[in-house]
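Shown next, in structure tokens, is the structure this report addresses.
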Amino acid sequence: MVSGVGRIVIVGGVAGGMSCAARARRLDETVEIIVLDRGDHVSYANCGLPYFVGGEITDASELLVQTPESLRASLNLDVRVRHDVVSVDPLARTVTVRTPGGLDTIGYDALVLSPGAQPVMPAIPGLASPRVHTLRTVGDAQRLELAASTAGRAVVLGAGFVGHQAAQALAPPRQAVTIDELGTHVLPPLETELAALVRDELGRLGVDVREQVAASAIEPGEAADQVVLADGERIEADLVVLSVGVRPDTAPFEAAGIACERGAIVVDEHGRTNLPGIWAVGDAVTSTCAVTGLRRPFPLAGPANRAGRQVAADILRPGTAEPIPHPLGTAIVRVGDLTAAVTGANRTVLADRGIEHHTIHLHPSQHAGYFPGAVPLHLVVHFRAGDGLLLGAQAVGAEGVDKRIDVLAAALRSRLAVTDLIDLDLAYSPPYGSAKDPVNLAGMVGQNVLDGTTSLWYPWELEEVLASTLVLDTRSRQEYATGHLPGSLNLPHTEVRARLGEVAEAAAGRPIRVLCASGFRSYLAHRVLAGHGLDSATLSGGLLTLRAHLGAGADQVLRAAVPQPA
């Protein structure tokens, strides 16, 4: 053995641990590989659990990717379920394991920790109620599915990715569902203007959405529990799904002297911990964001799988293993008829890290507009000021979201600039896309922003814009009558060039801020105004983005024209 490793012990299965075990066997037929997992299942589709609860996956066995028996037969792995590692002795190179038959001690040459994460249990009374469920394991899913079969009212605490999936799995007509989110909006990683689209879709599904309010207590009752919100509202629930986040499950390893940050194991670029012979992967480790350099856990299956593979190589082929790639946090979720996806950093993180950037909003169709079934694809792209380096992207739409976010994730991984998107040679046929794909269009808009061809203003600047500029609405008069910003001047974009004098007179020396429905017509008008020396900027994403950003208050801001008497 080149590596000098006779036995590898892996703590925890699923994505990180099992990918490490499988890769280690493929690299070395002679090494002994023992996998210890405290649960009943060592290799299962964690991301498929909500779809079992919702009935799209009808048999829980379909969630089991491998069993201890199949892993021994195919890879000669010694997989031991219901084996809970309670301590590590790094000097003796042993782990102490609580097994169905009592405590056991197992030696190792290389130890890989993949303990995963546990649901966060907020400090509110009543969580011990039997009506409260989590959704992390196959057992959790089976218990929740059984409870849902007789429940009429459900409350989901937490509107992240798992919370959304749980709410949809339980949604009407199965039962009445309320989803409660402490943060400012559902799906917190999404930008506000995209999260609004998701919230509206949840409403269409019959899910009652509460935002910016915490649950303060769960009061068990004989017939149902009462979920008490911080604003005093009480919601009856036959079941409660707790989905407010996860925390690294690392207590025994931190006690053994393994370095941790906020409970997450600190590793180097090869997954090595601070102690010799011990590696760590998966939800329980810190990773460095490829965009911002921020260190935090990334509880996602893709990064865990890739890390497990690279750790196996570092153990068995030391000195030749590739570094574990820094994650981008690429994620996707289905919400009713919509799909929402993210990659890279959002505005909040970029601002917190002090990274100067531009943001652009686009609303192109997912395929050729003249082909039947064209629907809007709502796209947000962030890129660094100066050189245009891509920093993040998000998309929401009925179709085509997965394709675009994957292309943009690949572009981020390759450290492309936004202008590089113009030249990506993407597949085109009317049922699938346009000759100018939404990704290409993002590059074109980004280039215009970087070189000064386009100046943008944003929905979050609305108060200042209304107070100090002339707002020029370049939609048709019919569109304008359906709702517009107070004090705005309506001039269809085709008339701007011929009526520049009127615009300049109305502006009276003030800057001009232009808008339309989606941003294209206002861009054309903006170029006319700028070409004649007027201080002009166009609303990024147009009224589609502004309405979404304003949310429920949009109609109060956008006033409809008062009908004139005949």
For this session: With respect to Leu75, determine if the residue is in contact (Cβ under 8 Å) with a residue 40 or more places away in the chain and hydrophobic (A, V, I, L, M, F, W, C).
Result: yes
For this session: Looking only at the stretch 317-353, count how many residues are farther than 30 Å from Ile278 by Cα and either in a strand (DSSP E or B) or free of Cβ contacts under 8 Å to residues at least 24 places away in the same chain (or both).
Result: 13
Exercise. Out of Glu69, Glu62, which single residue is under 30 Å from His164 (Cβ atoms) and either among the basic types (Lys, Arg) or surrounded by fewer than 19 Cβ atoms within 10 Å (Cβ to Cβ) (or both)?
Worked result: Glu62
Exercise. For the subset of the stretch 196-209 comprising residues that are under 26 Å from Gly329 (Cα atoms) and out of contact with any helix residue (DSSP H, G or I) (no Cβ under 8 Å at 6 or more places or on another chain), which member is surrounded by the most Cβ atoms within 10 Å (Cβ to Cβ)?
Worked result: Glu201
Exercise. Has the stretch 81-92 got at least one residue that is assigned to a helix (DSSP H, G or I), surrounded by 15 or more Cβ atoms within 10 Å (Cβ to Cβ) and either out of contact with any Phe, Trp or Tyr (no Cβ under 9 Å at 6 or more places or on another chain) or in the same structural domain as Ala312 (by TED's automatic domain parsing) (or both)?
Worked result: no
Exercise. Name the residues in the stretch 212-230 that are modelled with pLDDT under 95 and among the charged types (D, E, K, R), would you?
Worked result: Glu222
For this session: Return only the number of the condition from (1) in a loop (DSSP other than H, G, I, E, B); (2) acidic (Asp, Glu); (3) over 26 Å from the mean Cα position of the chain (by Cα) that Glu254 does not satisfy.
Result: (1)
Exercise. Just for the stretch 105-126: of the residues that are surrounded by fewer than 16 Cβ atoms within 10 Å (Cβ to Cβ) and either closer than 30 Å to Val241 by Cα or without any contact (Cβ under 8 Å) to a residue 12 or more places away in the chain (or both), which one is farthest from the chain's Cα centre (by Cα)?
Worked result: Thr105
Exercise. Is there a residue in the stretch 305-316 that is part of a loop (DSSP other than H, G, I, E, B) and touching a residue at least 60 places away in the same chain (Cβ under 8 Å)?
Worked result: no
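Could you pull out the residue among Val401, Val407, Val381, Val418 that is more than 17 Å from His357 (Cα to Cα), crowded, with 21+ Cβ neighbours inside 10 Å, modelled with pLDDT of 95 or more and not aromatic (Phe, Trp, Tyr)?
Val401
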Exercise. Do we find that Val186 is within 22 Å of the chain's Cα centre (by Cα) and either of a type outside the set (Phe, Trp, Tyr) or part of a strand (DSSP E or B) (or both) in this structure?
Worked result: yes
For this session: Specify which of the listed residues (Val95, Val132) is over 26 Å from Ile265 (Cβ atoms) and surrounded by 17 or more Cβ atoms within 10 Å (Cβ to Cβ).
Result: Val132
For this session: Name every residue in the stretch 452-471 that is touching a residue at least 60 places away in the same chain (Cβ under 8 Å) and out of contact with any Phe, Trp or Tyr (no Cβ under 8 Å at 6 or more places or on another chain), in order of residue number.
Result: Thr453, Ser455, Leu456, Trp457, Tyr458, Pro459, Trp460, Leu462
Exercise. If we scan the stretch 209-220, do we find a residue that is more than 30 Å from Val380 (Cβ to Cβ), among the hydroxyl-bearing types (Ser, Thr, Tyr) and either under 17 Å from the mean Cα position of the chain (by Cα) or not in a loop (DSSP other than H, G, I, E, B) (or both)?
Worked result: yes
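The values are calculated or read from the model by the stated rules, or taken from the named source; none is laboratory data. Every value quoted in this text rests on a predicted model; they were computed, and no experiment measured them. In this analysis, Cβ positions are derived from the backbone assuming ideal geometry, glycine residues included, and neighbour counts consider all displayed protein chains.
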